[in-house]
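The values are calculated or read from the model by the stated rules, or taken from the named source; none is laboratory data. Computed from a prediction, not measured in an experiment: that's the story for all the values here. Note: ideal-geometry Cβ built from the backbone for every residue, glycine included; neighbour counts use all protein chains shown. Remember, those area values only see protein heavy atoms, side chains included, never the ligands or the DNA or RNA. Shrake-Rupley method; radii C 1.70, N 1.55, O 1.52, S 1.80 Å.
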Amino acid sequence: METSHACPPPILAALERARAQLPPHGQAHALDLAVEAAGIVGGLTASEELALALLARAALAAGATAAQVGAAVGAAAAEIAAALVRLGNLGLPRDWSPARGLDTPQTETLRKMLLAVVSDPRLVLARLAEELVALRHARELGAAERGRRALEARAVYAPLANRLGVWQLKWELEDLAFRYLEPEEYRRVAAALNERRADRERYIAGVCEELRAALGEAGIEAQVYGRPKHIYSIYRKMQRKQLAFSQLYDVRAVRIVVGSIPDCYAALGIVHGRWPYIPGEFDDYVATPKGNGYRSIHTAVIGPQSQSLEVQIRTREMHEHSELGVAAHWTYKEGGARDAQYQRKIEWVRRLLEPAGEGADADRDLIEGMRTELFADRVYVLTPRGEVIDLPHGATPLDFAYSLHTSLGHRCRGAKANGRIVPLTQALVNGEVVEIIAAKQEAPSRDWLAPEQGYLVSARSRAKVRAWFRKLDVGDNRAAGRAIAERELARVGLRAEHFPALAQELRARDTEHLYQLLGEGELTVTQLLQAAGRIAAPPAPPPARPARKPRARGGSSPVEIEGVGDLPVTLARCCAPLRPQPIVGYVTLGRGVTVHRRDCVAISRMRSLKPERLLKVEWAGGTQAALQVELRVSAYDRRGLLRDLSDVLAVERLSIDASTTRTDRDTGLAHFSLSVAVADLAQLARVLSRLSKVPSVIEARRRG
């Protein structure tokens, strides 16, 4: 059976005595819940003070005075209770998601909880126990409050328990939150688990008996028992690997707990000697622990009756720390290695709380940091010396460099993974040995700050890059920002006269301030292009009009012509209009309507000569029709260049409708003209950015 951590009888007796001394305030149910939560932390930490503090906090909320509470629980427990009250509540709305971020009060509450992890982690353990008890009794709450608590448990408290290593709380928080947030999926997985449960339990009992006998013959003293499966973890694995319940390898699972690390590997040899292991299902977290300190050997085998079976192997010390996490710091006092594990578990919190900006910047970095540190999965890679580095899922070699040292990140020019040179944008995978190739001088790139470039995943790494650019001379930043703005906006066909409107849209004081923000990295190219799309769009959608006659080409025209139907439409080549730029139509002789941008020089001349031929047109609503654009790419000629350009367009799901290539043998330059159909300005900007990063490419821009 799974090891349980029952509350010691002396702590239970102290809770009963303290409750009897508290004055009645008509909140008996709240005190019952507090006693239950106190029993959980008592079992985790063996701390009588912390258990009494949970009772005291509930008594204070019920109306008891500080003096009454202090007399019942003692001064030390009352002080901890006051600190718990100061932590506050998150108060997330029912429809919240990590992508939305947090408002200012929620950010401050989260900051207080993280500070508590560093200063006194017992406070967060107490909060986790309170949330767990509240979820256990959530059926008594209204639907809105039940959903809010379940969401907070899934989004914040369960990941926090995971990062602190308190899996005993993490699994139950996740399962209860899953039950209330997705009841249909919960019932489906639970029903699949309950089906043939008796057969599965008999099978596990037989496997355990066989393993005990084999380990005993080898002289290995061990506990062997079935490992309970948690519903939410099963659901996550089914979703992540796109598997049916019957395809899971670890529904049948056993755990072997031995006395030493050599015994772990000896037991592994016995398991693999009896049954064939399943390739790709082996993880050695003893040699390379997870970032939260978790250590164990996981393997999957084809066991008796050709049934898949998961086996976990760990020492007793590893087992206690996997279940208790930071709580083991108080339960066990042998010191040394255990204290070191405790320090590693809270080191990530210190990193989050280190200042990387001021005011709104600091809040933004904390929120982004929480999204990557708490709400994302992790990846574990190695330095050349064998040190395990814990990074957010999808982290790049550049994130790795900044996690080791800020200066190394600034000097990073390349990287090797398992001895092979890899791009700085490549996502690292578990177990890779990463080596950084560094220059002597610090010279980070502003491109590293653009999320779409894929250089940095960690918000903390981006904050370090922004801080470096803020230290530069204002004139240097403005010059660099001007170059960025002119280059990127020219690519999508916007001119200098749009810059003042862009500055206003992005809340810059003027164009010079806009350049400075771009140069410092406070504004990214993505934000610039999104603002360009907004100011190019019509100010407001027109009022609904009666249905028109069918448009030309069976409704496939990218534009709608007011009051006219069945006319062929052509996009003018002189200005190449693109959604959502404002447009106007011009009636030609024999060729239907030609659509120009409103600021096109040609249409300005026609407006003065033949105004009667101008028509009011707008981009078609509903499903956006693709719009033809011509891309010009200049590059140093090399073998495979056209294939690489085509691959970029294939990633964007674009087809090349026409292409021409011209190569200058004297200069070694190749010039490409590619005709493609894009959905809008944003996709065009993304394609041009990707094309410009193809090796050997000098420039990628739109024609016209």
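Scanning region 431-465 for residues that are of a type in the set (S, T, N, Q) and either without any contact (Cβ under 8 Å) to a residue 40 or more places away in the chain or assigned to a helix (DSSP H, G or I) (or both) yields GLN441, SER445, GLN453, SER461. Scan region 437-466 residue by residue and report those that are under 30 Å from ALA287 (Cα atoms) and open to solvent by 30 Å² or more (accessible area, probe 1.4 Å). Result: ILE437, ALA438, TYR455, VAL457, ARG460. Scanning region 274-289 for residues being open to solvent by 40 Å² or more (accessible area, probe 1.4 Å) and more than 15 Å from ILE313 (Cα to Cα) gives a total of 4.
Looking at region 491-508, can you tell me whether even one residue there is at pLDDT below 85, part of a helix (DSSP H, G or I), more than 26 Å from ALA700 (Cα to Cα) and not β-branched (Val, Ile, Thr)?
Taking every residue of region 491-508 in turn, at least one turns out to be at pLDDT below 85, part of a helix (DSSP H, G or I), more than 26 Å from ALA700 (Cα to Cα) and not β-branched (Val, Ile, Thr).
Quick check: anything in region 680-691 under 28 Å from THR524 (Cβ atoms), of a type in the set (Ser, Thr, Tyr) and surrounded by 12 or more Cβ atoms within 10 Å (Cβ to Cβ)? So far as region 680-691 goes, yes, one or more of its residues are under 28 Å from THR524 (Cβ atoms), of a type in the set (Ser, Thr, Tyr) and surrounded by 12 or more Cβ atoms within 10 Å (Cβ to Cβ). The set of residues in region 641-657 that are of a type outside the set (Lys, Arg) and either at positive phi or open to solvent by 50 Å² or more (accessible area, probe 1.4 Å) (or both) comprises LEU642, ASP647, ALA650, VAL651, SER655, ILE656, ASP657. When the test is whether a residue is in contact with a Phe, Trp or Tyr (Cβ under 9 Å, 6 or more places away or on another chain), at pLDDT below 65 and surrounded by fewer than 20 Cβ atoms within 10 Å (Cβ to Cβ), PRO538 passes it. In region 658-675, what residues are of a type in the set (S, T, N, Q) and either touching a Cys at 6+ places or on another chain (Cβ under 6 Å) or open to solvent by 40 Å² or more (accessible area, probe 1.4 Å) (or both)? Of everything in region 658-675, those that are of a type in the set (S, T, N, Q) and either touching a Cys at 6+ places or on another chain (Cβ under 6 Å) or open to solvent by 40 Å² or more (accessible area, probe 1.4 Å) (or both) turn out to be SER659, THR660, THR661, THR663, THR667.
Note on region 415-430: among residues that are of a type in the set (A, V, I, L, M) and part of a loop (DSSP other than H, G, I, E, B), the one that is least open to solvent (accessible area, probe 1.4 Å) is LEU428. If we scan region 386-409, do we find a residue that is surrounded by 17 or more Cβ atoms within 10 Å (Cβ to Cβ), assigned to a loop (DSSP other than H, G, I, E, B) and either among the β-branched types (Val, Ile, Thr) or in contact with a Ser or Thr (Cβ under 6 Å, 6 or more places away or on another chain) (or both)? Yes, the conditions are met somewhere in region 386-409. For region 466-482, a residue qualifies if it is outside any helix (DSSP H, G or I) and charged (D, E, K, R), and the qualifying residues are LYS471, ASP473.
Please go through region 509-531 and give me each residue that is among the β-branched types (Val, Ile, Thr), assigned to a helix (DSSP H, G or I) and in contact (Cβ under 8 Å) with a residue 24 or more places away in the chain, ordered by number. Give the derivation first.
Here is the first cut: in region 509-531, the residues among the β-branched types (Val, Ile, Thr) are 511, 524-526.
Right, trim to assigned to a helix (DSSP H, G or I) and you get 511, 525-526.
Within region 509-531, VAL525, THR526 qualify.
Scan region 467-483 for residues that are open to solvent by 20 Å² or more (accessible area, probe 1.4 Å) and within 30 Å of GLN426 (Cβ to Cβ) and the total you get is 7.
Condition check ((1) crowded, with 16+ Cβ neighbours inside 10 Å; (2) of a type in the set (Ser, Thr, Tyr)) across all residues:
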{"position": "LEU128", "(1), (2)": "yes, no"}
{"position": "ALA144", "(1), (2)": "no, no"}
{"position": "ARG188", "(1), (2)": "no, no"}
{"position": "ALA198", "(1), (2)": "no, no"}
{"position": "ILE220", "(1), (2)": "yes, no"}
{"position": "TYR235", "(1), (2)": "yes, yes"}
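Note on region 364-396: residues that are more than 17 Å from the chain's Cα centre (by Cα), of a type outside the set (Asp, Glu) and modelled with pLDDT of 75 or more total 7. Scanning region 52-70 for residues being open to solvent by 20 Å² or more (accessible area, probe 1.4 Å) and closer than 9 Å to LEU22 by Cβ gives a total of 2.
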